[in-house]
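Engineer: The following block contains the structure, expressed as structure tokens.
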């Protein structure tokens, strides 16, 4: 498009229509969520099975932690991130 007044008006109108559509989508989404919530439907991500792939290695991991092996090495050995290993260890402490 060129920089004529007609193209400027056309771009402005398209932008306005897009903004109105975004607001309508947002409004419909909020209304639908409110309706589902008032109908008693549980919203959000479903609860997971609560198990970790580290569960089967719990004894080995605790032994390595007791031997003061660095968490990065333990995480690498069991194929998980260091953060995931810390979350796993924290969950174990809460269970004890």
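Engineer: Just to confirm the number: angle between the C-alpha axis of helix 82-95 and the first principal axis of the chain, 0 to 90 degrees, nearest 10?
Structural biologist: Helix 82-95 sits at roughly 60 degrees to that axis.
Engineer: Next question. Taking 2.2 N^0.38 Å as the expected size of a compact globular protein, what ratio does the Cα radius of gyration of the stretch 1-44 give against it, to two decimals?
Structural biologist: 1.94
Engineer: Next question, about the same structure. Does anyone have the angle between helix 5-38 and the longest principal axis of the chain? Alpha-carbon axes, 0 to 90°, nearest 10?
Structural biologist: Once rounded, the angle reads 50 degrees.
Engineer: Also: Decide, for the stretch 46-93, between rounded, prolate and oblate: order the square roots of the alpha carbon gyration tensor eigenvalues as a ≥ b ≥ c, take rounded if a/c falls under 1.5, and otherwise choose prolate if a/b is larger than b/c, else oblate. Mind dumping the intermediate values first?
Structural biologist: Details: a/c = 2.01, a/b = 1.69, b/c = 1.19.
Taking the square roots of the gyration eigenvalues as a ≥ b ≥ c, the stretch 46-93 is prolate.
Engineer: Next question. Pop the C-beta distance of residue 56 and residue 30 into the FRET formula with R0 = 30 Å and round what comes out to the nearest 0.05.
Structural biologist: Computed FRET efficiency for residue 56 and residue 30 comes out at 0.10.
Read-outs throughout are calculated quantities, based only on the coordinates presented, and are distinct from any laboratory measurement. Computed from a predicted model, the values in this text were never measured in an experiment. Cβ atoms come from the backbone with ideal geometry, glycine included; neighbour counts cover every protein chain shown.
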